[in-house]
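The structure appears right after this line, and notes come after that.
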Amino acid sequence: MGLSVQFAKCFPSGPLIEAGFELALGRFGLTVLFGPSGCGKTTVLRCLAGLERPDRGCIRAGDETWFHPDQKHPLPAERRGIGYVFQEPALFPHLSVAGNIAYGLRGWPAPARKARVEEMIRLMGLVEFAQRRPSEVSGGQKQRVALARALAPRPRLVLLDEPFAALDRVAAEALRHNLRQILQSLGVPAILVTHDPQEALALGDRMLLMAEGRIIRDGAPAELLSADGAAQEAQLGAVLRARVTGRMEGLLRLAVGRMELFAPDPGGSFHEAYACIRGEGVSLEQGPHGLLSQRNRIAATITGIEPLGALRRVRLDAGVSFEALITTWACADLALEPGQQVQALIKASAIQVIPIEA
Amino acid sequence: MDWEAIRLSLRLAVSSALLLAPLGILLAWPLAYGRFRGRILLEAISSIPLVLPPTVLGFYLIVALGPRSPLGMAWEQLTGSRLVFSFQGLLLAQVITNLPFFLQPLVASLGGVDRRLLEVASTLGSGRTGVYLRVALPLAWRGLLSGLILSFAHAMGEFGVVLMVGGNLPGKTRTASIALFDQVQSFDMAGANRTALLLLGFAIAVLACTAWLRSRERAWV
């Protein structure tokens with residue numbers, strides 16, 4: 001059985017959000033819906049969950065129609081069998097941790113309900129917190145409860161809307177580490193919304209790349225992110241394949257094409273990695289230069305300049321493609337033009353390194 | 001002290017609160033979360049008793065409950081007695097008069113419930129009724145309790161509508177506030193003072209209760 005999605009949703013004075021994809025149900029698979037903030041990822045999830053009504057198109061799960069414009073009422077959220085985890089845990093404050101997890105099990109025979117709640121509590125490592133109120137557990141534990149609550153009723157599909165966004169780094173890392181394993185053990189397909197390439201690469205089997213309200217690419221995360229221009233199309237800067245050529249004082253020396261870059265070392269012994277360079281972290285200069293604090297100074301050729309609100313997106317080529325986001329004034333002052341040679345200065349701290357496991 | 005009138009006031013206030021609770025809970029849902037065209041009108045109609053002079057409201061209630069009205073005739077056929085100038089008629093009038101006192105704090109509390117909680121509940125299989133009864137209402141308990149206390153207190157002291165619809169029949173429709181009015185009319189100032197003090201003390205206790213409820217910030221800790 002599969003989920004077939006093809007719809008459009010338009011907000012008054014807002015962008016048009018369009019989504020079209022197929023998804024297998026009934027077995028585990030983690031699809032990452034990836035794109036910059038505000039590109040419409042959450043709207044896609046909300047339309048799937050039945051929390052938002054699309055304007056046109058069709059959503060079907062097997063032979064069940066969830067949404068069709070001819071329907072007077074789309075299939076309501078409560079009958080879609082979908083688990084939804086928000087950015088914030090959104091736990092019911094009047095119920096205990098166990099009560100929250102049991103919420104969706106109304107109608108189950110009491111012994112089965114009790115067994116399922118205990119199973120989920122054990123699976124999520126919440127045994128000692130079962131009787132506590134949500135206000136008495138930490139942020140990371142709350143999000144685990146939210147995940148357990150969404151998974152307890154055996155949903156056909158679970159939708160995760162940036163579930164790590166509101167957590168501190170340690171809690172996010174711990175939950176991220178478990179998430180894939182947990183979903184796999186339960187055999188539940190999931191769609192995870194994120195704008196973090198590291199999360200997408202670490203967790204996803206498949207990636208739907210979204211930009212400006214549309215799904216622009218569909219494929220394996222590693223392939224899509226390193227495909228020339230794909231990440232830039234999604235306004236995520238550049239994701240470049242890199243080889244580690246040295247390590248010193250907490251920095252990595254990376255060979256990216258013919259460029260040599262320095263970036264913070266995330267730790268671990270790896271030889272290959274992705275270097276994610278966001279356009280905001282790249283500045284440009286012309287002509288001779290003095291000493292600067294930037295570790296990375298790259299000779300590059302401008303291949304294109306596009307307006308982006310109050311900024312200009314300057315596309316660069318230095319054997320590999322990346323981009324710089326600079327102000328319109330700076331662009332005019334430097335009299336930048338396509339074909340021109342410039343020096344690209346990249347702060348080491350603006351490069352995110354994602355190790356590729358051997 | 002006219003204890004009979006005080007007992008009647010209490011009976012009337014308790015009965016009207018018991019009737020108001022289910023009616024108010026039913027009406028609060030569309031007022032708090034409804035997205036239909038007549039919502040503003042429904043809100044306005046349910047708030048009319050707050051702004052209308054009690055005598056005007058009482059007049060329309062006499063017309064609506066009187067022996068020539070459909071409701072009055074149906075009641076007379078069913079029970080053999082008249083609805084106006086009876087305890088039952090008075091009770092019905094009290095429910096209508098006190099409805100906004102129950103609804104307003106409840107609707108405000110429901111409006112303050114985090115929408116995401118309601119959405120989560122629906123993705124977990126709860127239909128509208130389930131979402132309302134299992135999540136929205138328990139989280140709006142302070143508004144529910146405030147509404148109950150306020151409408152109960154208002155029913156205890158209501159004067160104008162009671163006088164118009166119920167008259168002044170001892171043991172039947174003469175409530176504490178009407179007894180106080182009688183005591184002043186007959187220059188029984190000592191008796192009037194005792195009745196007034198009792199009603200004043202009751203009002204202070206009720207307002208203190210609602211203020212305490214509102215002051216509790218972390219309701220679920």
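Here, each number is a calculation from the coordinates, and none is a lab measurement. Everything quoted here is computed from the prediction, not taken from an experiment. Ideal geometry is used to build each Cβ from the backbone, glycine not excepted, and the neighbour counts take in all protein chains shown.
Residue-wise, which Karplus ³J(HN,Hα) couplings in Hz belong to the stretch B:192-202, taking 6.51 cos²θ - 1.76 cosθ + 1.60, θ = phi - 60°, and x for glycine or proline?
4, 4, 4, 5, 5, 4, 4, 5, 5, x, 5
Semi-axes of the equivalent ellipsoid of the protein assembly as shown: what are they in whole Å, largest first, if each equals the square root of 5 times a C-alpha gyration tensor eigenvalue?
66, 26, 24
Along each principal axis of its Cα atoms, how long is the stretch A:95-232 end to end? Whole angstroms, biggest number first, please.
The Cα atoms of the stretch A:95-232 stretch 54, 30, 25 Å along the principal axes, largest first.
What is the fewest-to-most order of A:Glu78, B:Glu4 by other Cβ atoms lying within 10 Å of their Cβ?
The most exposed by this proxy come first: B:Glu4, A:Glu78.
So how much slack lies between A:Ala335 and A:Ser4, counting 0.36 nm per residue of separation and subtracting their Cα-Cα distance, in nm?
114.2 nm
Mind checking B:113-121 for the average number of partner chain beta-carbons within 10 Å of each residue's beta-carbon?
6
Place +1 on the Cβ of every Lys and Arg and -1 on the Cβ of every Asp and Glu in chain B, take the dipole about the Cα centre, and give the residue among B:Val51, B:Leu23, B:Pro170 whose Cα lies farthest towards its positive end.
Positive-most Cα among the choices belongs to B:Leu23.
Other chains' Cβ within 10 Å of A:82-93 residues: what's the mean?
The shielding value for this peptide is 4.
Under a plain spin-label model, where a point goes 7 Å from the Cα along Cα-to-Cβ, how far apart in nm are A:Asp63 and B:Leu145?
5.3
Give the average, rounded to an integer, of partner chain Cβ atoms located within 10 angstrom of each Cβ in B:127-139.
Averaged over the peptide's residues, the number is 2.
If the cut-off is a Cα-Cα distance under 25 Å, which lysines reach A:Lys9, setting aside same-chain residues fewer than 8 apart in sequence?
A:Lys9 reaches A:Lys41, A:Lys72.
Tell me the label-point distance for the pair B:Arg7, B:Ile204, using the 7 Å Cα-to-Cβ offset, in nm and rounded to one decimal.
2.8
Take the alpha-carbon positions of the stretch A:1-145, form their convex hull, and give its projected area averaged over all directions (one quarter of the hull surface) in nm².
For the stretch A:1-145, the mean projected area of the Cα convex hull comes to 10.9 nm².
Under 10 Å, Cα contacts only: if you run a Gaussian network model on chain A, which one of A:Glu272, A:Glu22, A:Glu162 comes out with the highest mean-square fluctuation?
Between A:Glu272, A:Glu22, A:Glu162, it is A:Glu22 that shows the largest mean-square fluctuation.
Using label points projected 7 Å from each Cα along Cα→Cβ, tell me how many nm separate B:Gln88 and A:Phe11, to one decimal.
Inter-label distance under the simple model: 5.5 nm.
Suppose R0 equals 41 Å; then what is the FRET efficiency for A:Arg243 and B:Arg116 from their Cβ-Cβ distance, rounded to the nearest 0.05?
Once the sixth-power term is evaluated, E becomes 0.35.
Sort A:12-18, A:178-184 by packing, meaning the average of other beta carbons within 10 Å per residue, with the highest value first.
Ranked by mean Cβ neighbours within 10 Å, highest first: A:178-184, A:12-18.
Which of A:His68, A:His271, A:His94 moves most in a GNM of chain A, Cα contacts under 10 Å?
Maximum fluctuation in the GNM of chain A, among the listed residues, is at A:His94.
Looking at the stretch B:31-62, which trypsin sites (Lys or Arg not before Pro) are in a loop (DSSP not H, G, I, E or B) and have at most 10 other Cβ atoms within 10 Å?
Passing sites in the stretch B:31-62 are B:Arg35, B:Arg37.
Given +1 on the Cβ of Lys and Arg, -1 on the Cβ of Asp and Glu, and no further charges, what dipole in debye does the stretch B:80-221 carry about its Cα centre, rounded to the nearest 20?
Value, rounded to 20: 380 debye.
Calculate the FRET efficiency for A:Glu136 and A:Gln286 from the Cβ-Cβ distance with a Förster distance of 45 Å, rounded to the nearest 0.05.
Step by step, r from the Cβ atoms, then E = 0.15.
If we count other beta carbons within 10 Å of each Cβ, what is the order of A:Arg106, A:Arg60, fewest first?
A:Arg106, A:Arg60
May I ask you to compute the full-extension gain from A:Gln198 to A:Glu173, defined as 0.36 nm times their residue separation minus their alpha-carbon distance, rounded to one decimal in nm?
In short, 7.9 nm is gained.
When A:Phe164, B:Phe202 are ordered from fewest to most other Cβ atoms inside 10 Å of their Cβ, what list results?
Taking fewest neighbouring Cβ atoms as first place, the list is B:Phe202, A:Phe164.
For chain B, what is the mean residue ellipticity at 222 nm derived from helices alone (per DSSP H run of n ≥ 4: -39500 (n - 2.57); sum divided by total residues; nearest 500 deg cm²/dmol)?
-24500 deg cm²/dmol
Quick check on chain A: helices-only [θ] at 222 nm, where DSSP H runs of length 4 and up contribute -39,500 (n - 2.57) each and the sum goes over total residues. Nearest 500, please.
-6500 deg cm²/dmol
How large is log10 of I(q)/I(0) for the stretch B:3-215 at q = 0.12, 0.15, 0.16, 0.18 Å⁻¹ when the intensity is taken from the Debye formula with one equal scatterer per alpha-carbon?
After summing over all Cα pairs, the log10 values are -0.70, -1.00, -1.09, -1.25.
What does the charge dipole of the protein assembly as shown about its Cα centre add up to, to the nearest 20 debye, if the Cβ of each Lys and Arg holds +1 and the Cβ of each Asp and Glu holds -1?
It comes to approximately 1480 debye.
Over the stretch B:111-183, how many percent of alpha carbon pairs lie in each 5 Å bin up to the one with the longest distance?
The percentages, shortest bin first, are 3, 14, 17, 12, 9, 8, 8, 9, 9, 7, 4, 1, 0.
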